[in-house]
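Comments concern the structure below.
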Amino acid sequence: MDDVMIVGAGPVGLMLAGELALAGLRPIVLEKRPEPSELPKANGLGGQIVELLDHRGLLERLSEGSGFAGRPPGFPFGEVPLRFAGHDDMPLRLLLIQQPRLERLLAERAEQLGAEIRRGCEVTGLAQDAEGVTLELSTGRTRARYAVGCDGGHSTVRALAGIGFPGTTDDEVLRLGHFAGDAPGPFEDLPVQGLRPGWNRTPTGRLLLTSLQPGVLIAGVRERGAPPDGPVTMEDFRAAVRRVIGADLPLGEPIWLSSTVAQARLAERYRAGRVFLAGDAAHLFPAGGSALNVGMTEAANLAWKLAAVLRGRVPAGLLDTYEGERRPVAGRALAQTRAQVALERAPGEDGAALRALLGELFAYEQPLRHLAALLHGSDTRYPPEGERAHPLTGRFVPDLRLSTVGGERRVAELMRAGRPVLLDLRDGPGEALPGPHDGIGPDLPGGGWIDVVRARCAEPPADVLLIRPDGYVAWAGTDGLAEAAREWFGTEPLGVRATPA
Ligand SMILES: Cc1cc2nc3c(=O)[nH]c(=O)nc-3n(C[C@H](O)[C@H](O)[C@H](O)COP(=O)(O)OP(=O)(O)OC[C@H]3O[C@@H](n4cnc5c(N)ncnc54)[C@H](O)[C@@H]3O)c2cc1C
């Protein structure tokens, strides 16, 4: 019996496959499409996932040729601009990358690490018992100890596992197109006066005009109504543009046309027995920018826990923390994206006044920082463990600059191998165990799998940080450290004194 079957080779399934393979498993990805998808869905990643990709040493490669990677100077929140210029330490990070390229690179990484991707293989049935999950496939049948549904918003796995997906469906349809040619411009030349890059509002809907790469214009039309019965045609797209702005636009040759109706949904559970959900299979957000951040960080959360349980390091109870930690994060993303939709939709002069007033408030640093943290996910704190918990426990680890025996390092560089790291900041640089942190390390003698790094840091936030493979601090401080290490990782870090000398 295989260890883990992942259903769906979208970004979340592929991220999960890479993380599981990094942890030493050989996951299998079952994907119904015979070929990788070329659908230009997401244009980028925003939030903590960018930091996590940095932890894995993937950021440089994914950023190659990217229009932007770093802290953005601004971001739209329900069409109200957040202006970060002048605030260099705002948490939000952004990486522009087209979804097909993201999927290609994640697939390459997963396969290089030992994952197998079986394309043209649709999951049609599912049954589970005490030992494992049996999946019926278009190509036969397979069995694994765990299955993860990363099969998107229409998830078959979710339905077969009997997990409800409550929420709402929008009453507006968005037609989206990519067209060959530069963005029409100057915009003053267009047949309709006053059109500008970005969203344009009219009494009958909204028109988006933008471009994220040279030679490709992106146009979107949002209006009340249902999607067309069949695929969107150029004629249908032009008619929608006319309904919204009352005129035709010179759009160029269509490269890709689609229509979507936004949904706001959250799975009732993230787990049914040995079956888990992640990504769009678990949540759909009605406004853009958060889906991949939440979905791909979910994959990282689940991967190390599954690997630790399957390798017998910790009891299976650790897997319960997946839903406990991640469903509230998705719930919060759902709430903020719903709020964005309400802001966008608020009609007429009342709506314009509301957006203008919030625009004034968002110019103040505190609300700006609050929203940046919300969009990024840096306000996430996994349930803190009682009074003894240090403020960093349960938080994503800060990217501290460190002096180690190997030279100057950032915390992110210690996380390449996807293993727990015990960062001891008490006595300055010392021998790093087992190092180097650039591959899959063997287990330490005695069953320890925690990398121990002794380092100096200008302003240590705690004496010791015990960092989980997904970048969250399992424990900060020395008091209670050994218990935390046993609880999360089933072992105590070797070679570390529990109390200062
Ligand atoms: C136009 C558009 C723009 C977007 N822009 C952004 C953006 O800028 N930023 C952002 O974060 N998000 C964006 N999103 C959302 C983002 O694309 C999705 O959140 C993302 O694709 C979800 O990834 P996933 O891996 O969970 O699911 P999916 O990408 O949907 O992948 C699911 C995979 O499962 C396969 N599958 C389905 N059923 C089965 C089955 N029964 N058996 C086997 N395989 C199956 C499918 O073929 C598919 O390959 C956008 C979406 C759209 C439509």
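Tally time: how many residues in region 432-487 are at pLDDT 50 or above and either β-branched (Val, Ile, Thr) or part of a loop (DSSP other than H, G, I, E, B) (or both)?
Looking only at that region, the number is 25.
Mind listing whichever residues of region 372-392 are under 20 Å from Val294 (Cα atoms) and either polar (S, T, N, Q) or at pLDDT 90 or above (or both)?
Ala372, Ala373, Leu374, Leu375, His376, Gly377, Ser378, Asp379, Thr380, Arg381, Tyr382
At least 1 residues that are out of contact with any Phe, Trp or Tyr (no Cβ under 6 Å at 6 or more places or on another chain), free of Cβ contacts under 8 Å to residues at least 12 places away in the same chain and loosely packed, with under 15 Cβ neighbours inside 10 Å in each: list the strands (runs of 3 or more DSSP E) lying fully within region 94-167 that qualify.
Hits in region 94-167: 123-128, 140-149.
Among the residues that make up region 296-312, is at least one of them outside any helix (DSSP H, G or I) and within 30 Å of Phe489 (Cα to Cα)?
The answer is yes; a qualifying residue exists.
Return a yes/no flag: does region 10-21 have any residue that is assigned by TED's automatic domain parsing to the domain that holds Asp280 and more than 15 Å from the chain's Cα centre (by Cα).
Among the residues of region 10-21, at least one is assigned by TED's automatic domain parsing to the domain that holds Asp280 and more than 15 Å from the chain's Cα centre (by Cα), which makes the answer yes.
If I filter region 374-417 down to residues being open to solvent by less than 10 Å² (accessible area, probe 1.4 Å) and among the aliphatic types (A, V, I, L, M), which single residue comes out as farthest from the chain's Cα centre (by Cα)?
Step by step, filter region 374-417, then rank; the result is Leu402.
Hey, Val80 hits all of (1) modelled with pLDDT of 95 or more; (2) of a type outside the set (D, E, K, R); (3) away from the ligand (no atom under 14 Å from the Cβ) but one; which does it fall short on?
Val80 satisfies every listed condition except (1).
Out of everything in region 294-315 that is open to solvent by less than 10 Å² (accessible area, probe 1.4 Å) and of a type outside the set (A, V, I, L, M, F, W, C), what residue ends up being nearest to the ligand (Cβ to nearest atom)?
That would be Gly295.
In this structure, is Leu371 surrounded by 15 or more Cβ atoms within 10 Å (Cβ to Cβ) and closer than 17 Å to Gly471 by Cβ?
It is false that Leu371 is surrounded by 15 or more Cβ atoms within 10 Å (Cβ to Cβ) and closer than 17 Å to Gly471 by Cβ.
Which members of region 271-292 meet the condition of being near the ligand (Cβ under 6 Å from one of its atoms) and either free of Cβ contacts under 8 Å to residues at least 40 places away in the same chain or open to solvent by 10 Å² or more (accessible area, probe 1.4 Å) (or both)?
Matches in region 271-292: Asp280, Gly288, Gly289, Ala291, Leu292.
Taking Arg345, is it over 30 Å from Ala299 (Cβ atoms) and at pLDDT below 95? Steps first, please.
Values: over 30 Å from Ala299 (Cβ atoms): yes; at pLDDT below 95: yes.
Criteria met by Arg345.
Between a residue in region 233-246 that is at pLDDT 95 or above and any residue that is among the basic types (Lys, Arg), which pairs come within a Cβ distance under 6 Å, given they are 6 or more apart or on different chains?
Phe237/Arg175; Ala240/Arg175
Just the residues that are aliphatic (A, V, I, L, M) and within 16 Å of the ligand (Cβ to nearest atom), please, taken from region 232-268.
Within region 232-268, Val232, Ala240, Ile255, Leu257, Val261, Ala262, Ala264, Leu266, Ala267 qualify.
The values are calculated or read from the model by the stated rules, or taken from the named source; none is laboratory data. In this text, all values refer to a predicted model and were calculated from it rather than measured experimentally. So basically every Cβ, Gly included, is an ideal-geometry build from the backbone, and we count neighbours across all protein chains shown. All accessible areas refer to the heavy atoms of the entire protein, side chains included, with ligands and DNA or RNA removed. Shrake-Rupley method; radii C 1.70, N 1.55, O 1.52, S 1.80 Å.
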